[in-house]
Structure formats: structure tokens, C-alpha cells
1. With every protein chain left in place, what is the accessible area per residue of the stretch 7-151 in square angstrom, probe 1.4 Å?
2. Of (i) 53; (ii) 45; (iii) 49, which is the value of percent of Cα pairs over 23 Å apart derived from the coordinates here?
3. How large is the helix-only mean residue ellipticity at 222 nm for the chain, computed as the sum of -39500 (n - 2.57) over DSSP H runs with n ≥ 4, divided by its residue count, in deg cm²/dmol to the nearest 500?
4. What FRET efficiency comes out for the pair residue 2/residue 86, r = Cβ-Cβ distance, R0 = 25 Å, nearest 0.05?
5. Using a 1.4 angstrom probe on heavy atoms only, work out the carbon and sulfur share of the accessible area of the chain in %.
6. Could you tell me which trypsin sites (Lys or Arg not before Pro) in the stretch 63-112 are loop residues by DSSP with no more than 15 other beta carbons within 10 angstrom of their beta carbon?
7. In sequence order, what are the phi-derived ³J(HN,Hα) couplings for the stretch 124-129 according to the Karplus relation 6.51 cos²θ - 1.76 cosθ + 1.60 with θ = phi - 60°, rounded to whole Hz, with x for glycine and proline?
8. Using only Cα atoms and rounding to the nearest 10 degrees, what angle (0 to 90) does helix 28-46 make with the longest principal axis of the chain?
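The values are calculated or read from the model by the stated rules, or taken from the named source; none is laboratory data. None of these values were measured; they are calculated from a predicted model. Neighbour counts run over all protein chains shown; Cβ positions are idealised from the backbone, glycine included. When the accessible area is computed, the model is the full protein with side chains, heavy atoms only, and any ligands, DNA or RNA have been set aside. Shrake-Rupley method; radii C 1.70, N 1.55, O 1.52, S 1.80 Å.
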Amino acid sequence: WDGFLIGWYANLGNTPGPFSIIAAIFPIAHVAAGVGLTYTTLAGFLNRTRICLDDQSLTVRHGPIPWKGNHTIDRNDIKQLYCEESVSRNNNGTNRSYYLSAVLVDGRQVRLGSMPMNQAKYIEDLLEERLGITDMQVPGEVGTGGMMSRF
């Protein structure tokens, strides 16, 4: 995608007259899409999620490339942690994504990070132990009861 656009703009000097202005403006939306695709691809390959629990808060940071989903949550605001499954369907089939999520004392649900289900369950168990939270089933949770037998 980006290579084609680089070639397109490199050849603009060979385009005569007013057509060169149209040729420069026409692919602007494609340039924006290319920048977005490149950024997302780099973040997918380079970023790691860091989850830290200290005496005051649970902190989730994604980096080194800035990405949405950073959280700092007061540890007393966490009611429950759970592993959540998100299923999306398209022409190529079904895709499943798993998230470590939290239920806060005010009832809000927050996705903390996307990861393999077994990793989300491990971190959930570890954090609940360190936070002194008794594990309780949350609607939509995977990895408990009959849902675990699917995997």
C-alpha cells in the first residue's frame, strides 16, 4: 500500500500541466489509510502490555507505540476480574478475541487488555489473589464452568 503511494508521488514530476495537481490530491485518502495501516501494524508487532499492581492502583500500559486502552484504576475500585470473549464474523469466517476485563464497584466494566485466553485467566487468578478478591462468575465470562471445556 505504502510502496504504491511512494511510487505514485515519486512519479508526479513526470506528470504534465494541471493534471499534476489532481494527481497529487487524489490519493490523499489513500495516504491517510496507509498511515493508519502502518501505525496499527507496527503497534501490533512492537507493543507489549504491562500490568502493574501496587499498594494504591492497578496500572495497564501499552507501548512503546502510543495506543488506546491505558488505565490506572484504584485497587479499591476493583470488584471482580474476568476473561471475556469477543466474537466477530466476516466473509473469512469467525474471529475470537479474549480480554482481561474488570468490573468496578460502580458497575462499570473495563477491558484491560487483549491476550490469549489462558494468559488472561492466569493474570485474572494472580491479580484476584493479590487483591484478595473471591472469584465469582461474571455474565459473559469464559474459562469457568462449561465454557472451559470448549477449549
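1. 65
2. (i)
3. Result for the chain, helices only: -10500 deg cm²/dmol.
4. 0.30
5. It is 57 percent, rounded to a whole number.
6. Qualifying residues, ordered by number: 68, 108.
7. These are the phi-based 3J(HN,Hα) values: 4, 4, 5, 5, 4, 4 Hz.
8. Taking the Cα atoms of the chain, the angle to 28-46 is about 40 degrees.
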